[in-house]
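Asker: A single structure is presented below for examination.
The values are calculated or read from the model by the stated rules, or taken from the named source; none is laboratory data. Bear in mind that the values here come from a model prediction, so they are computed numbers and not experimental data. With ideal geometry, Cβ positions are generated from the backbone for all residues, glycine too; neighbour counts draw on all protein chains shown.
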Amino acid sequence: MHRVVLATLFLVGCVSASEHQALERRVAALEKQLGVEPPAASPARRPRGRKVRTANPQPDTRATGEVTVTGTTGRVFLREAHKRHSVPGPVPEGSYSIRVETTAGQPPVPAGQAAVEAGKTTKITCDDALRVCRAEVTPPR
């Protein structure tokens, strides 16, 4: 029962992976001290929830374009596949989904599409009320 509670706390984000492991060790020690049989071993699986980041991710070698943002009070991200880029700033060329975090702590919501071209500036203009953004590519100055 205790292990189910610990797993639930971890899955809903109330405890981190390291806190979860420490609690698991404490429960195991208490079970041993009290002479309680631990539950049957289940197949090993990686805890779900937080992403594990690699120590040295491969650098993106694509040419970059500059991205500017206006019209929003929230944080704006460009997302492609499994990568997320914070903007404003330089972003590798490519096609992206625009995501806006309008309320702190809430996941970013889709707000449009953007294309970033090498050596050019992509201006993203957002409307917080409508939760939409539009992107316009301009040549370098």
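Asker: Search the range 66-85 for residues being out of contact with any Asp or Glu (no Cβ under 7 Å at 6 or more places or on another chain) and surrounded by fewer than 12 Cβ atoms within 10 Å (Cβ to Cβ), and hand back the single one that is nearest to Arg131 (Cα to Cα).
Answerer: Thr70
Asker: Exactly one of these conditions fails for Pro90: (1) at pLDDT below 90; (2) under 24 Å from Pro140 (Cα atoms). Give me its number.
Answerer: The number of the failed condition is (1).
Asker: Run Thr54 past the list (1) surrounded by 10 or more Cβ atoms within 10 Å (Cβ to Cβ); (2) at pLDDT below 75; (3) polar (S, T, N, Q) and report the number of the one that doesn't hold.
Answerer: Evaluating Thr54 over (1) surrounded by 10 or more Cβ atoms within 10 Å (Cβ to Cβ); (2) at pLDDT below 75; (3) polar (S, T, N, Q) leaves (1) as the failure.
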